[in-house]
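Report on the following structure.
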Amino acid sequence: MGSENRDYLRQEARRFGGGGYGGGGVPGVSANLPPMTLWLLVINVAVFLVDSVLTGSTRGDWASPTWLGRFSAEQGILGFQAWRILTYQFLHGGFFHLLFNMIGLWIFGRLMEQWWGSKRFLAFYLLCGVGGGLLFAAVSAFPAIAFITPETPLVGASACVLGSVAGCMVKYGREPIGFMFIPITFTILMLGGVYIFLDVLEVLAGGRSAGSAVAHLGGAGVGYLLIQKPKWLDWADRVSPSAIQSSINEGRYEKKRQAEAATEAEVDRILAKVAEKGLQSLTRKEKKTLNQATESKQAG
């Protein structure tokens, strides 16, 4: 699919002059990929290349991204390896798995990023993946539904992409989209509806990919919910390296302040004991605490 064949992109660009979430309208679509969409594409491809080399290798299989990052209910939830609910989103089971997900990210992710803004879009994208993983884990407890168990692994960005598809269905549903070599124009609502219908059918029919379809539907559900409740992602605008470092510093300061207050209260108790019973009544630990407090004040 080429941008010159997607009339809805040109229409959106003519109708809207840019912006983003909170900017007072639906964003326009630029010729270039928005930065977060571009980074997600690059990271997914890079992880796939590294994984292709290491997975199944004689000496490097143990360090492969798939081995370290794939998600299952057994590992991610029962095994308390919580990072897997995020890392699985950047892994793929083969070239075509990667290709179709990256095409979906390129088409739908860019629209979502230009509506949300980069920070909110990243949070939206990852949370859709989290939603897909959690629904997959929940359904794995009932193998008869999708023929998956808590040990069944999950990889892929499909839940993230389906979340973006669901978001675009809400925000851009009536916009037309054309495909190269196919003389038919669809709307985004129609195309997204086909995606979701096939996943529902896969689960109902008990198809070979029913487990993956469950994750797709989980991602789509979270995407729909977040696009309806955009204020739920207000926190994402406040996330930055400087904000994170400031929060860490504040936490350290508060922890230090509490420790100092506890030490001061203990010293007061010890001094009160000395006044009442004399220095000989102190335990070795109490004497050590009193000496440390005295040395600390002298040093200050």
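The values are calculated or read from the model by the stated rules, or taken from the named source; none is laboratory data. Bear in mind the structure is a predicted one, so any value in this text is a computation, not a measurement. Heads up, the Cβs are rebuilt from the backbone with ideal geometry, glycines too, and the neighbour counts pull from every protein chain shown. These accessible areas exclude ligands, DNA and RNA; they are computed on the full protein's heavy atoms, side chains included. Shrake-Rupley method; radii C 1.70, N 1.55, O 1.52, S 1.80 Å.
Peptides 161-168, 278-285, ordered by how many other C-beta atoms sit within 10 Å of their residues on average, highest first, read 161-168, 278-285. Indicate the gyration tensor shape class of segment 116-200 (rounded, prolate or oblate), computed on the Cα atoms with a ≥ b ≥ c the square roots of the eigenvalues: a/c under 1.5 is rounded; otherwise a/b larger than b/c is prolate and the rest oblate. Oblate, because a/c is 1.5 or more while a/b does not exceed b/c. On a per residue basis, segment 32-74 carries 59 Å² of accessible surface, using protein heavy atoms and a 1.4 Å probe. Counting only lysines at least 8 places from Lys171 when in the same chain, those with an alpha carbon closer than 19 Å to its own are Lys119, Lys229, Lys231. These residues, Val274, Val239, go from largest to smallest accessible area, 1.4 Å probe, as Val239, Val274. Counted over segment 35-166 with a bin width of 5 Å, the fraction of Cα pairs per bin, in whole percents, is 2, 12, 19, 22, 20, 15, 8, 3, 0, 0. In the context of the full set of protein chains, segment 204-243 has a per residue accessible area of 57 Å² (1.4 Å probe). Sorting Met102, Met190 by solvent-accessible area of protein heavy atoms yields Met190, Met102, largest first, with a 1.4 Å probe. Across Glu202, Glu295, the residue with the most accessible area heads the list, and the full order at a 1.4 Å probe is Glu295, Glu202.
Past the 18 Å Cα-Cα mark, which pairs from Lys255/Lys287; Lys277/Lys297; Lys256/Lys297; Lys255/Lys285? Correct reply: Lys255/Lys287; Lys277/Lys297; Lys255/Lys285. Carbon-plus-sulfur fraction of the accessible area of segment 88-216, 1.4 Å probe, in percent? Here it works out to 74 percent.
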